[in-house]
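Participant: Here you go, one structure.
The values are calculated or read from the model by the stated rules, or taken from the named source; none is laboratory data. Please read these numbers as outputs of a predicted model, since none were measured by experiment. Because the Cβ atoms are built from the backbone with ideal geometry, glycine has one as well, and the counts that use them run over all protein chains shown.
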Amino acid sequence: MSPRKPATSKPDATAPTPRVSKPLQAPSLKRRMACWLYEGMLLFGVVFIAGYLFSSLSQTRHALDNRPGLQAFLFLVLGIYFTWFWHRGQTLAMKTWHVKVVSAQGLPLSQRRALLRYVLSWMWFLPPLLLTIPLGLPPGSIGLLIFVWIFVWAWLSRFHPQRQFWHDAWAGTRLVSAL
């Protein structure tokens with residue numbers, strides 16, 4: 001009978017090292033806003049194709065014809081786009097900037113929660129647009145008002161305990177680093 005080797009306490013070099021679970025940490029505001037801007041550039045293509053499809057199917061010959069129909073169609077297309085991608089965790093812009101959207105508990109989003117996040121994300125644009133109605137502002141001032149509101153809305157995330165945007169808190173979602 002051959003003698004047995006005593007067990008050693010040395011770790012096996014081939015064994016995988018366990019991953020330490022990081023708490024759900026919000027990306028920096030700078031990274032979230034860079035992702036937001038990149039998303040806007042990518043959406044230009046989505047809106048262009050959707051607008052072309054709508055005008056072809058509805059036989060719209062002038063840009064101002066059938067404008068409410070086009071706006072409703074674009075709202076629907078963007079809702080499908082964001083709900084589908086957020087349900088899977090990331091849009092293309094979010095993958096590029098290593099940002100992921102999850103539920104407040106850190107779980108993947110349901111379709112319903114992703115849709116709620118989409119509706120609440122209109123807080124980026126709706127308040128200044130609604131404010132222009134009673135003020136009767138000229139078009140140049142509307143753009144400036146929207147820009148100022150976007151800055152304020154992003155800055156308000158500094159006051160959230162986890163540094164999340166407020167529409168995410170209301171929707172029960174959060175943006176986390178996906179590194």
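So that you can scan it fast, the table gives a plain yes or no per residue for (1) within 28 Å of T83 (Cβ to Cβ); (2) in contact with a strand residue (DSSP E or B) (Cβ under 8 Å, 6 or more places away or on another chain); (3) surrounded by fewer than 17 Cβ atoms within 10 Å (Cβ to Cβ):
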| residue | (1), (2), (3) |
| --- | --- |
| L126 | yes, no, yes |
| L130 | yes, no, yes |
| P139 | no, no, yes |
| V152 | yes, no, yes |
| H167 | yes, no, no |
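Participant: For residues that are among the aliphatic types (A, V, I, L, M) and modelled with pLDDT under 55, scanning just the range 8-57, find the one that is nearest to G69 (Cα to Cα).
Facilitator: By that ranking, first place goes to V20.
Participant: Of all residues in the range 153-178, how many are under 12 Å from W124 (Cβ atoms) and part of a loop (DSSP other than H, G, I, E, B)?
Facilitator: Number of matching residues: 1.
Participant: Mind listing whichever residues of the range 69-117 are in contact with a Gly (Cβ under 8 Å, 6 or more places away or on another chain), buried (at least 18 other Cβ atoms within 10 Å of the Cβ), of a type outside the set (A, V, I, L, M, F, W, C) and not in a helix (DSSP H, G or I)?
Facilitator: K100
Participant: Right, another one. Can you run down the residue pairs with Cβ atoms below 7 Å, 6 or more apart or on separate chains, where the first is in the range 25-41 and touching a residue at least 40 places away in the same chain (Cβ under 8 Å) and the partner is in a loop (DSSP other than H, G, I, E, B) and polar (S, T, N, Q)?
Facilitator: Every condition considered, the pairs that remain are A26/Q162; A26/Q164; E39/T91.
A quick yes/no check of all residues on (1) touching a residue at least 24 places away in the same chain (Cβ under 8 Å); (2) closer than 29 Å to F54 by Cβ; (3) among the hydrophobic types (A, V, I, L, M, F, W, C):
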{"site": "L78", "(1), (2), (3)": "yes, yes, yes"}
{"site": "T96", "(1), (2), (3)": "yes, yes, no"}
{"site": "Y118", "(1), (2), (3)": "yes, yes, no"}
{"site": "L135", "(1), (2), (3)": "no, no, yes"}
{"site": "P161", "(1), (2), (3)": "no, no, no"}
